[in-house]
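Trainee: Got a structure for you, questions after.
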Amino acid sequence: MSCLRPFGWILLLCLSASLSAQDDPDFTRLTSLLSETLAQAGPARQTGDRSEMYRYTDDGWEMQLLAAWSGQRWLLLAAHLDHPERRVGSPGRWEERYRELLRAYAPEWLERLPLPDLFEVPPPGYNPAVPGEVRSRRFTWQGYWYEARWINSGGVDDDAEWSLVSYDLVAQPPPEDTQGDSGLN
């Protein structure tokens, strides 16, 4: 079994090299791509209709969007961003949150749904850190749940290099006027 250990390190170094070869996404370009995608989608048949849209950047990042028609424009309900060369392990809590959104979605939310912010989330910087380790940050912000995930494609502890693996946001049901949070906590 000890003879397999060097192969594990070689595999980890190859994975780290392939992750380092791809740059993290440019969030300014992604925001523009997202806005263009929603603007060019054309109107839906009726208010509340939903559509999944897929876009790809020149550097290989894939964006899956779920949007709903407000009667005047498409509003973003969820977004999943990842790169095929960086897919490691499970997809985080994205799929669970996405399924919950689809189950709970109601067209009347659209009038109270704020536009989401797509912004860069700093990677975790605490030690210990080991190569190949995957970490995430999850939080809610202005009616959306966010999760950013990274892999350490660099060294140990302070020499860690965190490469973005995926970036997700999912709308939470807006709270009712007379009730507390009816969200997806």
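The values are calculated or read from the model by the stated rules, or taken from the named source; none is laboratory data. Since this is a predicted model, take the numbers as computed values, not measurements. Because the Cβ atoms are built from the backbone with ideal geometry, glycine has one as well, and the counts that use them run over all protein chains shown. All accessible areas refer to the heavy atoms of the entire protein, side chains included, with ligands and DNA or RNA removed. Shrake-Rupley method; radii C 1.70, N 1.55, O 1.52, S 1.80 Å.
Trainee: Around residue 67, what is the net charge, scoring Lys/Arg as +1 and Asp/Glu as -1 over all other residues with Cβ under 10 Å from its Cβ?
Mentor: 0
Trainee: Region 52-131: which chymotrypsin sites (Phe, Trp or Tyr not before Pro) are DSSP loop and have at most 14 other beta-carbon atoms within 10 angstrom?
Mentor: Passing both the DSSP loop test and the Cβ count: 119, 126.
Trainee: Enter the accessible area of residue 73 (Å², nearest 10), with the probe set to 1.4 Å and all protein chains included.
Mentor: The value for residue 73 is about 120 Å².
Trainee: Right, next: Assign unit charges at the C-beta atoms only (+1 for Lys and Arg, -1 for Asp and Glu), then state the dipole size of region 27-171 relative to its Cα centre in Debye, rounded to the nearest 20.
Mentor: So the dipole magnitude of region 27-171 works out to roughly 600 debye.
Trainee: Now for a separate question. Would you rank 140, 57 by solvent-accessible area, highest first, keeping every protein chain in place and using a 1.4 Å probe?
Mentor: My answer, sorted largest first, is 140, 57.
Trainee: What FRET efficiency comes out for residue 96 versus residue 58 if R0 is 30 angstrom and r is the Cβ-Cβ distance? Round to the nearest 0.05.
Mentor: Once the sixth-power term is evaluated, E becomes 0.45.
Trainee: Ok, one more. Would you work out which of 123, 150, 113 lies farthest towards the positive end of the dipole of region 27-171? Charges go on Cβ: Lys and Arg +1, Asp and Glu -1.
Mentor: So the residue we want is 113.
Trainee: Could you work out Rg/(2.2 N^0.38 Å) for region 50-185, with Rg from alpha carbons only?
Mentor: Working it through for region 50-185, the quotient is 1.16.
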